[in-house]
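Data first, discussion second: the structure below is written as structure tokens.
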2 protein chains.
Amino acid sequence: MATIKDVAKLAGVSPSTVSRVIAGSNRISLETKNRVQRAMEQLNYVPNAIARSLARSHTHTIGFALSRRADQAFSNPFFSEVMRGMSTVAQARGYNILLSISLNPEDELSKCLQLVRERRVDGLILSTSRVKDPLIAALSEEEAPFVVIGRCMERPVLSVNNDNVKAGYNATVHLLEEGYREIAYLSGASDLVVTIDRMNGYKQALIERGLPLVEERIGVADFSEQDGYEALCQMKERGVSFDAVVASDDLLALGALQFAERYGLRVPEDLGVVGFNDTPLMVYTHPPLTSVRILSYELGVEAMDLLIDALENPDKKRLKKEIVLPSELIVRGSSRRRGKAE
Amino acid sequence: MATIKDVAKLAGVSPSTVSRVIAGSNRISLETKNRVQRAMEQLNYVPNAIARSLARSHTHTIGFALSRRADQAFSNPFFSEVMRGMSTVAQARGYNILLSISLNPEDELSKCLQLVRERRVDGLILSTSRVKDPLIAALSEEEAPFVVIGRCMERPVLSVNNDNVKAGYNATVHLLEEGYREIAYLSGASDLVVTIDRMNGYKQALIERGLPLVEERIGVADFSEQDGYEALCQMKERGVSFDAVVASDDLLALGALQFAERYGLRVPEDLGVVGFNDTPLMVYTHPPLTSVRILSYELGVEAMDLLIDALENPDKKRLKKEIVLPSELIVRGSSRRRGKAE
DNA sequence: CTGTTAGCGCTTTCAC
DNA sequence: GTGAAAGCGCTAACAG
């Protein structure tokens, strides 16, 4: 493999000159520039990224941290879409993505810290945020550049989020307008900021319409169909009544559909269901699932752009920008009963 | 950020000594070893991965190349599962994963070559293989270490594959045993090795059972429901009869279900359907989809292990091992009509 | 505009 | 067992 010295020798210049044409410096004569370029081609020269990184003390790579339980890792394409978005801008701006999949928050914390301390990445994108997230705290303390997809409640950080409160609100209002009155909320892990925000939107809608806020109608589950199903069963067994459910994830909504089947409830007549994420395959459930469409791809795009901007403009770094993206309620059969049997 | 020199100074030794304790050399006195370790802790020292990489001329990072059209990128969790598998062993063996998502094969080729030439990765894992794959050819020529998930038809390469021929065979035999006689095959892009292998299994089953091989019953589509649907419609419109379909991907099978609905065909009575990948959510289709379960996670595990083995034992590198993993047909409602209305 | 000279932070002979 | 010195391949002042 040819090095910069080989090129220099062949072109009859010094390595620094070669370095300059690589960097696209303008204080270089067109003639030598061409000569160097010819030499590079001739030798099939490609600059060694590692050496560059060491000399410039940045790697041009961004770490993406994903922490999921094995069984639910990528059940919905949310993260995959986010990655696609990140990848698009990373490529366009000359960055690489290092993937860090961990099994739990502790594992995630240590891995991310490792990546940063080893200087293997210039910055990190976090895929989820929790209340009092230790990872965010650690990264802040370390003064590592990072952006969170989601929102941080405790301190200002760079973040890209979707309007979860509003989305939860809209989903609930939609159900109310369809005539449902006893709406349950199926929450994911209770320390996830997304889940909390969506729930607040839900509560807000109920309060605004003068409906009672029944705490027993709020079920906590993991992000899996099974958990959603069980949470609803328990609710029912405890004698809590409900005629609709806002699920903070499509998988949970699937659990609700399963629940309806088990108890012989018709959807949407006896039970209205709305989910979150608008997972493509949900069109095929019976009935098709109403769901809040999240701009996952765009979330990835914005997160990567935000991080790289911060990295490349150290002056702006201190400004902790928070970007919020809109979502859209996609109404389908699982929640549409106006004009149908009441 | 502390460097090796700082540690050396604090411990009162030379940098090389520190380097030795990092490497876990045994020719070092326990005493100085402890002293150095204390210094490292005190300074919160973490070796700079980039500097290490440069000095040792390998990066301990593996590139994972994924080339998908935007809309179908991660429609099924196959790749996500593969990543989880790769990630698990990468972590265990001290490697990192660099993600390279590209939009088309050409893009993929240039990106992969770039990663290798820049020495940003020690090796690559390719997510798909095509007939006469230019990427495989280029990488071979470059003598870059890589393993393909799939199979290479032209030359010996390190690969991890599932038994697609057998799986295609089993899926078809199953349909035959359920009494279907005019079985169609829905192929993905015709240059994908997976698709070809599965088709060969399909053909083999028909031939073995003495059934005619009707070329018109083989439809080529992209890996999307819409394409699957259209391919089948065209087949029908051309007057080709069929009472079952083996789809080389679940998404295609979904298209078949859609097709059945459009033409008022009952599944499984009038049309048997079996897909590939056993995508989790397919349990929720009506009827639930029969599908071939692929060990995607294990594919990732094996691929990563194979690559790292090759990297760490340069002697064994020349041995082009091919690993084949078993698959399993999961029979559900979409293909089970024995004992049902004929 | 171009060359010389130091590094970037770590590893690795080669001596002692 | 430990240190000195050279080098991995590139960049970036500093001169000229």
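Quick note: the coordinates plus some simple rules give every number you see, no bench work behind them. Note that the coordinates shown come from a computational prediction; the quantities given were computed from them, not determined experimentally. Positions of Cβ are backbone-derived with ideal geometry, glycine not excepted, and every protein chain shown enters the neighbour counts.
In table form, for the structure just shown:
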| quantity | calculated |
| --- | --- |
| Selection status of B:S53, in a helix (DSSP H, G or I) and crowded, with 23+ Cβ neighbours inside 10 Å | yes |
| Test: B:R93 is away from every other protein chain (no Cβ under 13 Å), over 19 Å from A:G85 (Cα atoms) and over 25 Å from the mean Cα position of the chain (by Cα) | no |
| Residues satisfying the stated conditions in region A:173-223, i.e. assigned to a strand (DSSP E or B) and in contact with a helix residue (DSSP H, G or I) (Cβ under 6 Å, 6 or more places away or on another chain) | A:I183, A:A184, A:Y185, A:L186, A:S187, A:G219 |
| Per-region count, region A:166-196, residues out of contact with any Gly (no Cβ under 7 Å at 6 or more places or on another chain) and surrounded by fewer than 23 Cβ atoms within 10 Å (Cβ to Cβ) | 14 |
| Sole exception among (1) of a type in the set (K, R); (2) within 16 Å of DNA strand C (Cβ to nearest atom); (3) farther than 22 Å from A:D122 by Cβ for B:R52, by number | (3) |
| Selection from region A:100-115 of residues that are within 9 Å of another protein chain (Cβ to nearest Cβ), buried (at least 20 other Cβ atoms within 10 Å of the Cβ) and free of Cβ contacts under 8 Å to residues at least 40 places away in the same chain | A:S100, A:I101 |
| Filter result for B:A260 (surrounded by fewer than 24 Cβ atoms within 10 Å (Cβ to Cβ) and more than 12 Å from chain A (Cβ to nearest Cβ)) | yes |
| Matching entry among A:R93, A:R20, A:R56 (being touching a residue at least 40 places away in the same chain (Cβ under 8 Å) and of a type in the set (K, R)) | A:R93 |
| B:R38, sole failed condition from (1) more than 22 Å from B:I308 (Cα to Cα); (2) within 12 Å of DNA strand D (Cβ to nearest atom); (3) away from chain A (no Cβ under 14 Å); (4) not aromatic (F, W, Y) | (2) |
| Residues (of a type in the set (A, V, I, L, M), touching a Phe, Trp or Tyr at 6+ places or on another chain (Cβ under 8 Å) and either within 11 Å of DNA strand C (Cβ to nearest atom) or on the phi > 0 side of the Ramachandran plot (or both)) located in region B:1-44 | B:A2, B:I4, B:V7 |
| Region B:1-38, residues that are of a type in the set (S, T, N, Q), under 17 Å from B:A49 (Cα atoms) and exposed (fewer than 15 other Cβ atoms within 10 Å of the Cβ) | B:S16 |
| Residue list for region A:143-160, filter: loosely packed, with under 14 Cβ neighbours inside 10 Å and in contact with a helix residue (DSSP H, G or I) (Cβ under 6 Å, 6 or more places away or on another chain) | none |
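The rows are residues; the columns are (1) touching a residue at least 40 places away in the same chain (Cβ under 8 Å); (2) within 12 Å of chain A (Cβ to nearest Cβ); (3) of a type outside the set (D, E, K, R); (4) surrounded by fewer than 18 Cβ atoms within 10 Å (Cβ to Cβ).
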{"site": "B:E269", "(1), (2), (3), (4)": "yes, no, no, yes"}
{"site": "B:V283", "(1), (2), (3), (4)": "yes, yes, yes, yes"}
{"site": "B:P287", "(1), (2), (3), (4)": "yes, yes, yes, yes"}
{"site": "B:G300", "(1), (2), (3), (4)": "yes, yes, yes, no"}
